[in-house]
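The values are calculated or read from the model by the stated rules, or taken from the named source; none is laboratory data. What you are looking at is a predicted structure, and each value in this text was computed from that prediction instead of being measured. Heads up, the Cβs are rebuilt from the backbone with ideal geometry, glycines too, and the neighbour counts pull from every protein chain shown. All accessible areas refer to the heavy atoms of the entire protein, side chains included, with ligands and DNA or RNA removed. Shrake-Rupley method; radii C 1.70, N 1.55, O 1.52, S 1.80 Å.
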Amino acid sequence: FHVTDLNGNKLTDESVISYIEQSLETTDPDRSHGFDGLTALELTGTDRVGLLSEVFAVLADLQCNVVDAKVWTHNGRIASLIYVKDCNSGSPIEDSQQIDRIEARLRNVLKGDNDIRSAKTSVSMAVTHTERRLHQMMFADRDYDRKPILQHKVDLPVVTVQNWVERGYSVVNVQCKDRTKLLFDVVCTLTDMQYVVFHATINTTGDKAYQEFYIRHSDGTPISSEPERQRVIQCLQAAVERRAYEGVRLELCTVDRQALLADVTRTFRENGLNVTRAEISTTRDMALNVFYVTDAIGNLADPKTIEAVRQKIGLGKLKVKELPLVYQEKVEREEQTVGVGGTVLLSLGSIVRRNLYNLGLIKSYS
């Protein structure tokens with residue numbers, strides 16, 4: 001793997017490199033990531049403006065302290081994994097009656113007026129990989145098979161699936177805008193759909209990503225029908241879109257307190273802002289939260305509205321952050337002069353093509 005940091009620069013921090021090495025060497029893929037001693041709440045349902053505000057208000061009312069959470073929305077659906085502990089004791093919530101109350105209250109919030117059948121809540125003490133679990137929850141909720149409420153997206157992922165009969169593979173191609181964790185999202189989805197990746201080529205050019213996978217079922221057979229092929233296409237498109245950045249990125253950094261999230265998300269709701277994604281974390285007594293917000297119909301939020309919200313929450317606490325400029329400036333420089341990096345990329349491409357040729361996967365690598 002040839003990797004860079006978020007800004008496209010070479011990794012030089014030895015502690016980061018060491019952490020990557022240790023992570024790849026681990027024999028325990030389901031490490032707790034610091035979630036031991038917490039209760040996990042899983043929520044899925046129909047998304048709407050203000051839903052997150054209602055969820056956090058219920059948790060505050062039930063004396064649940066949110067320590068960590070991730071929220072994704074896609075095609076009008078919402079999935080959230082929230083890690084909580086008891087406000088008073090600081091311990092996991094294990095009382096069965098309290099768990100029943102939490103599940104019932106949250107299910108009522110998620111149902112709203114029109115989601116009686118599909119709203120789901122569950123409470124677990126089990127530790128899981130949060131983002132992989134969110135993919136599994138949205139997959140189970142069949143978000144890929146639902147029509148988007150709003151059709152304002154650009155740069156939608158292009159996914160093709162073809163069978164290579166002679167070799168007994170199905171060849172999956174994914175082309176989309178590059179971003180962090182893209183490969184993770186695609187491979188998790190293929191794995192959870194019970195496919196095995198035998199060969200793969202990953203490349204990025206500018207801000208575009210090109211991924212090709214040679215897959216089979218776990219029993220060694222390729223994709224066998226047109227409906228299955230279409231389902232793979234739909235599921236991979238959904239996997240890419242779930243984490244796509246929509247809206248203005250707002251970062252909240254402040255001293256943690258009871259009902260902080262309920263108050264902040266209520267302010268969003270009162271000003272007509274919809275949260276499309278959220279990442280909640282706490283470090284010691286500090287809350288470090290990221291929200292992606294749009295207006296009520298999914299368009300870019302009015303800057304005046306954003307400033308009004310910042311005034312209410314605190315200008316020093318809530319800041320507007322741009323997305324990392326991973327490639328833009330760098331690509332403009334590299335288009336003018338082909339440097340060492342371009343040579344390395346060409347060499348890597350040649351090696352990949354030669355290996356594919358040796359495997360009999362392509363006819364020529366010249």
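With a threshold of 21 Å on the Cα-Cα distance, the over-threshold entries among Lys70/Lys321; Lys70/Lys312; Lys111/Lys312; Lys177/Lys304; Lys10/Lys208; Lys111/Lys147 are Lys70/Lys312; Lys111/Lys312; Lys177/Lys304.
Of the solvent-accessible surface of the range 258-301, computed with a 1.4 Å probe and all protein chains present, 51% belongs to carbon and sulfur. Given R0 = 30 Å, the distance between the Cβ atoms of Asp155 and Asn203 translates into a calculated FRET efficiency of 0.95.
Taking all protein chains together, Phe198, Phe56 sort by accessible area into Phe198, Phe56, largest first [probe 1.4 Å]. Here the contact order of the range 158-242, divided by its residue count and restricted to Cα pairs under 8 Å and six or more residues apart, works out to 35 percent. Solvent-accessible surface of the range 158-242, taken per residue with a 1.4 Å probe and all protein chains present: 47 Å².
Once both labels are positioned 7 Å from their Cα atoms along Cα-to-Cβ, the gap between Asp5 and Glu251 label points is 1.3 nm.
Legend: residues His217, His2, sorted from most to least accessible area (1.4 Å probe; ligands, DNA and RNA excluded), read His2, His217. Computed with every protein chain present, the accessible area of Trp164 is close to 60 Å² [probe 1.4 Å].
In terms of accessible area, using a 1.4 Å probe and ignoring ligands and nucleic acids, Ser224, Ser91 rank largest first as Ser224, Ser91. Rounded to the nearest 10 square angstrom, Arg105 shows an accessible area of 90 square angstrom against a 1.4 Å probe.
A straight line joining the Cα centroids of the range 264-327 and the range 52-93 runs 17 Å. Placing a label point 7 Å from the Cα of Asn299 along the Cα-to-Cβ direction, the residues of the range 255-283 with a backbone N closer than 18 Å are 271-276. You can think of it this way: the chain between Gln258 and Ala140 has 39.2 nm of extra reach, that is 0.36 nm per residue less the Cα-Cα gap. Taking 0.36 nm per residue of separation and subtracting the current Cα-Cα distance, fully stretching the chain between Asn163 and Glu226 would add 21.6 nm. For the range 217-306, the relative contact order works out to 30 percent when only alpha carbon pairs closer than 8 Å and six or more residues apart are counted. Using the Cβ-Cβ distance between Ser91 and Leu288 with R0 set to 22 Å, the FRET efficiency from 1/(1 + (r/R0)^6) comes to roughly 0.45.
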